Amino acid sequence: MNQLEALKQHSTVVADTGDFLQLAQFQPQDATTNPSLILKSVQKPDYAPLLTQTVARFGGRPSDEIVDRLLVRFGCEILAIVPGRVSTEVDARLSFDTAATIARAERLMALYQAEGVPSDRVLIKIAATWEGIEAAAQLERRGIRTNLTLLFAFCQALACAQARVQLISPFVGRIYDWHKKQAGSQWDEAARAGEHDPGVQSVRRIFEYYKRFGIGTEIMGASFRNCGQIVALAGCDLLTISPELLAQLAASTDALPRALDADAARELDLQPVQHDQDQLSLGAQRRRHGERKTGRRHPRLLRRFGAARATDCGGALKPLHLKQPCPIPFCPPKSAAVGNACKRWRNNLCRICARCCSSRMRAAPTCSCKPAACGSTPGASA
């Protein structure tokens, strides 16, 4: 028995990919996607037709709708292979707008239902910000199941439990990255491996707390950097794993015992913990890093759509200069090009609405978006 087969005896294995042609060989139960993975896939010859077909069919629709339709197209292809669920992500740039997140989630679900996909086979991925968690709570009450992503801190997990979301995705690798960066030259890789990995420890703490107090929200470890992190979390409800690491597990015959035990966790002497918004200082630092990386992918996917649209019409249309209303009411201007025209402008994108700010990644309430600050005219995003 290889490690992948052994892991399936302890946890539900989920494939983290948009490359659905690889899924059959690993036989995962579920799959997760995000704009980064879809962007990576549509650049491959095998998947480029999905982009061109979507653009040809819906080219007259708003750009963000076309991107959502492309995400759903990939999701439907994945659901034809996996027996379980697929997670499809809301634009991360809406992470601080509850109403916009709800609207986008409902549109994604409506698109799936139009393709005949039952709602219980779809999880809507939403960033675990306070606004995102509130959006998820409302969506859950409306029967739309959610997967709270970009989760880096225990207090986020507590807030998600209180909101009764379906599933959370603590980011093992991103937590590991953060601690490694903070430690600098003092980081000892061998000493912080396996069960001593800070990302592994974070997921273990959430797992034990949830099981001890009978919290029904599913826990899915995500964002793995190596197989050691996966092995150290065998027994977690679900683990979403990249095809590269799935292949490594399938090639190994080393023993893979259960590391997390729900029955044992129920017997632990733990006290209930209360959370409040002030506890997010550490989690916010990690989350901002994740939002910056994830939020960039939608503009890049939009640029791909613009290029495909230009190609599809024989060059009659130029690649789009993508202009969309800013969803944040206190972040002027209300309409500006999403993207960058020069390095200086790119390095000063607002983390809330992806527009140029006078200070790098400044928070939205004090954001003064000035696209002309660098002396260039905004163009299509990179």
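Select from region 135-177 the residues that are of a type in the set (G, A, S) and assigned to a loop (DSSP other than H, G, I, E, B) and write down the one among them that is surrounded by the most Cβ atoms within 10 Å (Cβ to Cβ).
Pass one, region 135-177, residues of a type in the set (G, A, S): 135-137, 143, 153, 157, 159, 161, 163, 169, 173.
Still in the running and assigned to a loop (DSSP other than H, G, I, E, B): 143, 153.
On the way: G143: 9, A153: 23.
Taking the candidates together, the pick is A153.
Specify the residue that is nearest to Q166 (Cα to Cα); the eligible residues are those in region 205-219 that are part of a helix (DSSP H, G or I) and charged (D, E, K, R).
Out of the qualifying residues, it is K211.
Going residue by residue through region 53-68, is there one that turns out to be under 20 Å from T149 (Cα atoms), touching a Gly at 6+ places or on another chain (Cβ under 7 Å), of a type in the set (V, I, T) and touching a residue at least 24 places away in the same chain (Cβ under 8 Å)?
Looking through region 53-68, none of the residues is under 20 Å from T149 (Cα atoms), touching a Gly at 6+ places or on another chain (Cβ under 7 Å), of a type in the set (V, I, T) and touching a residue at least 24 places away in the same chain (Cβ under 8 Å).
All but one of (1) at pLDDT 95 or above; (2) in contact with a strand residue (DSSP E or B) (Cβ under 8 Å, 6 or more places away or on another chain) hold for G290; state the number of the condition that does not hold.
The single condition G290 does not satisfy is (1).
Look at A24 and say whether it is assigned to a helix (DSSP H, G or I) and more than 19 Å from A136 (Cα to Cα).
Judged against the criteria, A24 is a match.
When residues of region 135-160 are filtered for being in contact with a strand residue (DSSP E or B) (Cβ under 8 Å, 6 or more places away or on another chain) and closer than 21 Å to R204 by Cβ, how many remain?
Residues that pass the stated criteria total 9.
Check region 83-103 and report whether any residue there is surrounded by 23 or more Cβ atoms within 10 Å (Cβ to Cβ), out of contact with any Leu (no Cβ under 9 Å at 6 or more places or on another chain) and outside any loop (DSSP other than H, G, I, E, B).
yes
For G132, are the conditions met, namely being under 29 Å from R204 (Cβ atoms) and outside any loop (DSSP other than H, G, I, E, B)?
The answer is yes for G132.
The values are calculated or read from the model by the stated rules, or taken from the named source; none is laboratory data. All values derive from a computational prediction rather than experimental measurement. All Cβ positions, even for glycine, are placed from backbone atoms using ideal geometry, and neighbour counts span all protein chains on display.
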